[in-house]
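The values are calculated or read from the model by the stated rules, or taken from the named source; none is laboratory data. The structure displayed is predicted, hence computed values, not measured ones. We place every Cβ from the backbone using ideal geometry, glycine too, and count neighbours over all the protein chains shown. In case anyone asks, the SASA skips ligands and DNA or RNA and just uses the protein heavy atoms, side chains included. Shrake-Rupley method; radii C 1.70, N 1.55, O 1.52, S 1.80 Å.
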Amino acid sequence: MSASGPVQARDDLVARFGRIVRDALAAGAGPTDLDPVMAAVADGLGCSGVAVLRRLDPHLVVHAAHGYDAADLPSGDGIALDDGIAGEVARSGEPVYAPDAQVHPAWAGVSGGRFRSCAVVPMRLADRLWGVLVAESEELDDFPQDVRDAMVPLADLLAWSLETLRLRHEAEARAEQEATLRAGLEASAAVITAGLQAAGTTDALDVMVRQMQTRLGWDSIAVLLLDDEGALRTAAAIGAPATATRMVFAPHKGVVGHVAVTGESHLVNDVDDDPYYLQVMAETRSELAVPLKVAGVVRGVVNVESPELAAFDATDLAVLERLAGQMSLVLHNVELLRSEKDTVARLHELDRLKSRLLTIASHELRTPLTVVLGFSEVLTENAQVLDSDQTRSYADAIARQARSLSKLVDHMLIAAEIEQGTLNVALSRVELGEVVREVASRFADADIQLGNGLDTDPVMADPFRLRQVFENLLSNAVKYASHGVIQVDAKTTGPTVTVLLRDEGPGIPGSEHEKVFELFHQHGEHGVAGRRGIGLGLAVARDLVRLMGGDLRLASAEGYGVTFLMGLPRG
């Protein structure tokens, strides 16, 4: 054989490896699918196992390998630079050939002693050591000189090729990530625009969820909001069955409950392995949930699900968190607009009530004051000529009008305390019959019939406030039913005592049943048939009953009298 024979064999081997690597590059092989390349390298070298260890100080980590059992390869951080023959080559930058690896001083006993000889060469990339190429055989002294010589340029070629592949895949991954982020940004813009154009919270969430699915293609998306009890209820959803949208999640219940309590996002690659997962849709295999925060406070959860394993990654998480932030802004904006509208409506209502109060009160106050002033002047100017009957008559008129004024002022003060939330009640066991009889005695001219049911069971109430309620109800009955009988009775049903108060007046149409309990509302024309008042009696009566744990409602039909039903807790 000529002197050029070994050199030619080496060059042929390197050329063969070069074609293998070029084919791998052309096929776009990634770091995780290099086994065909490594198998071809092992076959060309005629060895049982071949591995590429990349240097990531202070360790060497397995980048690609062939011919090893999974248990043979180092896991975790890999191989320390001061460990084994590979570590020695990485430190020195010089090739090492061990005809009998087990007697080499740096041998680390990898693979349980199955491999007997090894050749390890450094892999250089420009002026740095990229890693090491390890070739092992089950035979002693199994690497001839020409093979060892060919491994040196091969190692450098592999370093360049594998680094090129790595950089290419990193660039592709970044491009894919950027595309996902760009889609997320576009979705964010579309979502917030659609949400801001919607009228209310539910409308805004519905259109935003639809935009999310259109832009991102996620299978199932739901927005769940916390209610006053802390439970999560679905406010908007797409891609989920109706039964799923009706579910209520308690704190810590399911992935969404966990996220709502912790305020932290949660990514589930496999629902079977997640401790928080609660099955809602049988086809779900992966899930992603992020908190929905308004002004820093968790108000709900945005949840997406997929029938595929590991369907979501860190990029999807970042996109969904951004979308949740956009939703939060929209919700906050909707709430501010609603609050502003409520405030404006309230101000308009207060202005209307003020005008109503001034109109009615000016009449209701002027009339008794005119009477009081007129009779007072008569008494003052004619005290010497008036007989005792006339004096008593004038004094009675003054007292009657003064009591009317006092009642008006009392109603206004009570209404103000209720409005401000400062009125308190002191509940105790009260004999209903005693209270009703006491109040009814003040209406001597009215035909009031009291039923036996009033003496059946006591009620839990504030006796002073209960008297005010009955006085208001009887005053109303006497005012609007100037003739006929007024009936008052009661019956007990379970824990509630229901008081019935019925008159034989003209009745009230159904459209007015709630309005009669509004402040300053009066049924019919004010001042007709001597019906004086400022429309506070019934409003105050119902508020007082509710403060005592009961309720007051109207059951009436126009032309059939008026019936009030008052429920109070049984004592």
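Considering only residues that are open to solvent by 30 Å² or more (accessible area, probe 1.4 Å), at pLDDT 85 or above and either farther than 16 Å from residue 154 by Cβ or under 48 Å from the mean Cα position of the chain (by Cα) (or both), which ones fall in segment 34-61?
Within segment 34-61, 48, 54, 55, 56, 57, 58, 59, 61 meet the criteria.
So how many residues does segment 301-310 have that are of a type outside the set (D, E, K, R) and open to solvent by 40 Å² or more (accessible area, probe 1.4 Å)?
3
So, of the residues in segment 489-504 that are part of a strand (DSSP E or B) and of a type outside the set (A, V, I, L, M), which turns out to be farthest from residue 436 (Cα to Cα)?
493
What pairs come up if the first residue lies in segment 458-471 and is touching a residue at least 24 places away in the same chain (Cβ under 8 Å), the second is open to solvent by 40 Å² or more (accessible area, probe 1.4 Å) and among the β-branched types (Val, Ile, Thr), and their beta carbons are under 6 Å apart, counting only those six or more places apart or on different chains?
From segment 458-471, the pairs are 462/425; 465/425.
Tell me which residues, restricted to segment 416-448, are among the aliphatic types (A, V, I, L, M) and either farther than 17 Å from residue 548 by Cα or part of a helix (DSSP H, G or I) (or both).
416, 418, 432, 435, 436, 439, 440, 444, 446, 448
Scan 31, 74 and give me the residue that is modelled with pLDDT of 65 or more, assigned to a loop (DSSP other than H, G, I, E, B) and touching a strand residue (DSSP E or B) at 6+ places or on another chain (Cβ under 8 Å).
Being modelled with pLDDT of 65 or more, assigned to a loop (DSSP other than H, G, I, E, B) and touching a strand residue (DSSP E or B) at 6+ places or on another chain (Cβ under 8 Å) holds for just one of 31, 74, which is 74.
Scan segment 209-231 residue by residue and report those that are within 16 Å of residue 293 (Cα to Cα) and either aliphatic (A, V, I, L, M) or touching a strand residue (DSSP E or B) at 6+ places or on another chain (Cβ under 7 Å) (or both).
222, 223, 224, 225, 226, 227, 231
Can you tell me which residues in segment 295-309 are of a type in the set (Gly, Ala, Ser), within 14 Å of the chain's Cα centre (by Cα) and part of a strand (DSSP E or B)?
Correct list: 300 only.
Being buried (at least 20 other Cβ atoms within 10 Å of the Cβ) and small (Gly, Ala, Ser) is the filter; apply it to segment 83-99 and report the residue that is farthest from the chain's Cα centre (by Cα).
Taking the candidates together, the pick is 98.
Among the residues of segment 409-432, which ones are surrounded by fewer than 18 Cβ atoms within 10 Å (Cβ to Cβ), small (Gly, Ala, Ser) and closer than 23 Å to residue 501 by Cα?
The one that is surrounded by fewer than 18 Cβ atoms within 10 Å (Cβ to Cβ), small (Gly, Ala, Ser) and closer than 23 Å to residue 501 by Cα: 428.
Considering only residues that are within 60 Å of the chain's Cα centre (by Cα) and open to solvent by less than 20 Å² (accessible area, probe 1.4 Å), which ones fall in segment 122-147?
122, 123, 130, 131, 132, 133, 134, 135
State whether one or more residues within segment 491-511 are in contact (Cβ under 8 Å) with a residue 60 or more places away in the chain, within 42 Å of the chain's Cα centre (by Cα) and closer than 13 Å to residue 563 by Cα.
So far as segment 491-511 goes, yes, one or more of its residues are in contact (Cβ under 8 Å) with a residue 60 or more places away in the chain, within 42 Å of the chain's Cα centre (by Cα) and closer than 13 Å to residue 563 by Cα.
How many of the residues in segment 282-294 are part of a strand (DSSP E or B), within 14 Å of residue 307 (Cα to Cα) and either under 17 Å from the mean Cα position of the chain (by Cα) or acidic (Asp, Glu) (or both)?
The total comes to 2.
Please enumerate the residues belonging to segment 236-251 that are touching a residue at least 24 places away in the same chain (Cβ under 8 Å) and open to solvent by 30 Å² or more (accessible area, probe 1.4 Å).
Correct list: 237, 238, 239, 240, 241, 247.
Which condition does residue 279 not pass, out of (1) surrounded by 15 or more Cβ atoms within 10 Å (Cβ to Cβ); (2) at pLDDT below 90; (3) in a loop (DSSP other than H, G, I, E, B), if it passes all the others?
(1)
How many residues does segment 106-151 hold that are assigned to a strand (DSSP E or B) and acidic (Asp, Glu)?
1
Could you say which residue among 80, 119, 150, 64 is open to solvent by less than 50 Å² (accessible area, probe 1.4 Å), modelled with pLDDT under 90 and over 60 Å from the mean Cα position of the chain (by Cα)?
Going through 80, 119, 150, 64 in turn, the sole match is 150.
Would segment 448-459 turn up any residue that is touching a Pro at 6+ places or on another chain (Cβ under 7 Å) and either open to solvent by less than 40 Å² (accessible area, probe 1.4 Å) or closer than 17 Å to residue 541 by Cβ (or both)?
So far as segment 448-459 goes, yes, one or more of its residues are touching a Pro at 6+ places or on another chain (Cβ under 7 Å) and either open to solvent by less than 40 Å² (accessible area, probe 1.4 Å) or closer than 17 Å to residue 541 by Cβ (or both).
Residue-by-condition table, conditions (1) open to solvent by 40 Å² or more (accessible area, probe 1.4 Å); (2) at pLDDT below 75:
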| position | (1), (2) |
| --- | --- |
| 374 | no, no |
| 380 | yes, no |
| 388 | yes, no |
| 391 | yes, no |
| 394 | yes, no |
| 397 | no, no |
| 407 | yes, yes |
